[in-house]
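**Student:** Before we start, here is the structure in question, set down as structure tokens.
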Amino acid sequence: MIQSINPYNNQLIKEFEELSEADIAAKIALAQDAFEYWKQTTFDERSGLLHSLADVLIEQKEAYGKIMALEVGKPIKQAIAEIEKCAWVCNYYAENGADFLRDELISTDADKSYVKHEPLGVLLAVMPWNYPFWQVFRFAAPAIMAGNVGLLKHASNVMMSAGNIEACFTEAGFPKGVFQNLIISSNSVAAIIEDERIKAVTLTGSKPAGSAVASTAAKKIKKSVLELGGSNAFIVLHDADIDKAVETGINARYQNTGQSCIAAKRFLLQKDIAEEFLNKFLKKVETLKSGNPLDEDTYIGTLAREDLAIELEKQLKASVDKGAKVLIGGKRCGAYFEPTVVTDVKEDMPVFSEETFGPLVAVVTFDTIEEAVELSNNSKFGLGVTLFTSDITNAEALVHRFDEGAVFINELVKSDPRLPFGGVKTSGFGRELSHHGIKEFVNVKTVFINK
């Protein structure tokens, strides 16, 4: 049985029986049948249904948000905001998808030559628990607008949210089989990828999970898109607006209780302003309200599972043993971990070299921008970086020096339907969102005609 357990009080919410092999086979068959119909629909038809899907999400945002808060300890206001963002991505692709996939006329020696973008077929999405709706919808909205159909293997601890996602597709009027949730464990994933009817796979998650999924797909010559971990640097230069950097830094690290691949995890502060920044930052941290995720004023909930909090505690202890200093926080109670700030951090400490998936800030100071770039790039990850400075010209000149999928100047790293999202190095490959994302799962077909 797959269990959904409330990390705030450790109470069982619901149990789910895993699908049998026969059940899985039937769902794949249904998906394939749905694709044969769905690929023939017009962009206008798909657009209308995506708009309806956005409407359902807005209508049900409180109910869906409450379940999310119960399953993963996400503060309720942040959970509802996540649902609203999903409605945004649905409306975005409903309004722009047809233009993104319009036939591209190309002048050659042919009488007529052009490129068509055609859907691949049945896609498998393997998704994590930290943003249980958003991670799914940023895949599903463009993929389905392109004419594909989706199968979802969600994280085991968010099966209620997974069920709600499938239900909202049904309520919006999508044909049966266009989007289905699979109640399965990770052990079933490889066999599904190997099924000839599955044309591609996308995964958001850890490096080991991504490596396993991509390896299986590669053996069958199938495309994969991976969005993996991150250890984003948050760089503050001496000429930055310190108050704005502090306010942004709080959100960049502590929203979703720090459980985000694109969260700012390593704070790199120029020595001239380090003391001022930390004094103001610590005062802000002290005001963050921890508590029941269902309370409107809670900003810090629990981690999604107690073992995740235990792992963060181990990373902190190992770093302290190497000389790191805890300025605030550092204590754990069950799945709850206090908002924490650690200084005197060195590059060989776990809080610097590993991804810390929780409300912990690792602080390093530097003298020159060259040193800051080197510190930022000293990571196996390459998802994004934030740079705070008043010298925009100099900041733009530095962009190419960062080994990252994104550089945000005077803003936290975030996903936006209008911009491509993804990383380099062990943060994955491929892109989601924007016109780049919708083209990841299409056949770019060349047509060459002579009369």
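**Student:** In whole Å, how far is the Cα centre of region 56-103 from that of region 269-315?
**Tutor:** Value for the Cα centre distance between the two parts: 25 Å.
**Student:** Still on this model: Nothing charged except the Cβ atoms of Lys and Arg (+1) and of Asp and Glu (-1): what's the magnitude of the dipole of region 213-279 about its Cα centre? Round to the nearest 20 debye.
**Tutor:** Rounded to the nearest 20 debye, it is 960 debye.
**Student:** So, one more: Taking square-rooted eigenvalues a ≥ b ≥ c of the alpha carbon gyration tensor, is region 137-177 rounded, prolate or oblate, where a/c under 1.5 means rounded and, failing that, a/b exceeding b/c means prolate?
**Tutor:** Verdict is oblate for region 137-177.
**Student:** Positive end of the charge dipole of the chain (Lys, Arg +1 and Asp, Glu -1 on Cβ, about the Cα centre): tell me which of S427, G329, F408 has its Cα farthest that way.
**Tutor:** Among S427, G329, F408, the one farthest towards the positive end of the dipole of the chain is S427.
**Student:** Per-residue ellipticity at 222 nm for the chain, helices alone: DSSP H runs ≥ 4 residues times -39500 (n - 2.57), over residue total, nearest 500 deg cm²/dmol?
**Tutor:** -13000 deg cm²/dmol
**Student:** For region 232-409, with all protein chains present and a 1.4 Å probe, just round the carbon and sulfur fraction of the accessible area to a whole percent.
**Tutor:** Accessible surface attributable to carbon and sulfur in region 232-409 totals 47 percent.
**Student:** Would you kindly derive the ³J(HN,Hα) couplings of region 11-25 from the backbone phi angles with the Karplus curve 6.51 cos²θ - 1.76 cosθ + 1.60 (θ = phi - 60°), listing them in order in whole Hz, with x for Gly and Pro?
**Tutor:** In residue order, the calculated couplings are 8, 5, 8, 7, 10, 10, 8, 5, 5, 7, 4, 5, 5, 4, 4 Hz.
**Student:** Classify region 232-409 from the C-alpha gyration tensor, please: rounded if a/c falls under 1.5, else prolate or oblate depending on whether a/b exceeds b/c.
**Tutor:** Prolate.
**Student:** Let me ask you something else. Only four residue types carry charge here, +1 at the Cβ of Lys and Arg and -1 at the Cβ of Asp and Glu. Report the dipole size of the chain about the Cα centre in Debye, rounded to the nearest 20.
**Tutor:** Once rounded to the nearest 20, the dipole reads 700 debye.
**Student:** May I ask you to give the percent of accessible area on region 108-229 that is carbon plus sulfur, with a probe radius of 1.4 Å?
**Tutor:** 51
**Student:** Just grab the label-to-label distance for A110 and K284, each label 7 Å out from Cα along the Cβ direction, in nm (one decimal).
**Tutor:** Roughly 5.4 nm, to one decimal.
**Student:** Here's another thing I want to ask about it. For region 201-254 and region 169-187, what is the separation of their Cα centres, given in Å?
**Tutor:** 26
**Student:** Now for a separate question. What is the distance, in nm, between label points placed 7 Å from the Cα along the Cα-to-Cβ direction at E15 and at K271?
**Tutor:** So the label points at E15 and K271 sit 6.1 nm apart.
**Student:** What does the net charge come to around T170 if you take all other residues with beta carbon closer than 15 Å to its beta carbon, with K and R at +1 and D and E at -1?
**Tutor:** That works out to -2.
**Student:** Something else: For the chain, what is the relative contact order in percent, using Cα pairs closer than 8 Å and at least 6 residues apart in sequence?
**Tutor:** It rounds to 19 percent for the chain.
**Student:** Still on this structure, I have one more. Put +1 on the Cβ of each Lys and Arg and -1 on the Cβ of each Asp and Glu in region 243-328; which of L308, L268, L282 then has its Cα farthest toward the positive end of the dipole?
**Tutor:** Going by the Cα projections, it comes out as L268.
**Student:** Related question: Taking loop as defined by DSSP and a crowding limit of 12 other beta carbons within 10 Å, which trypsin sites (Lys or Arg not before Pro) in region 402-450 fit?
**Tutor:** Answer in residue order: R418.
**Student:** What number comes out for accessible area per residue over the chain if the probe is 1.4 Å? Units Å², please.
**Tutor:** On a per-residue basis, 41 Å².
**Student:** Additional query: Under 8 Å for C-alpha pairs, at least 6 residues apart: give me the relative contact order for region 202-252, rounded to a whole percent.
**Tutor:** 35
**Student:** Using mean Cβ contacts within 10 Å as the protection proxy, how do 16-23, 363-370, 381-388, 177-184 order, highest first?
**Tutor:** With the highest mean Cβ count within 10 Å placed first, the list reads 381-388, 177-184, 363-370, 16-23.
The values are calculated or read from the model by the stated rules, or taken from the named source; none is laboratory data. Here the structure is a predicted model, which is why all the values come from computation and not from measurement. Note: ideal-geometry Cβ built from the backbone for every residue, glycine included; neighbour counts use all protein chains shown. To get the accessible areas, we keep the full protein, side chains included, count just its heavy atoms, and leave off ligands, DNA and RNA. Shrake-Rupley method; radii C 1.70, N 1.55, O 1.52, S 1.80 Å.
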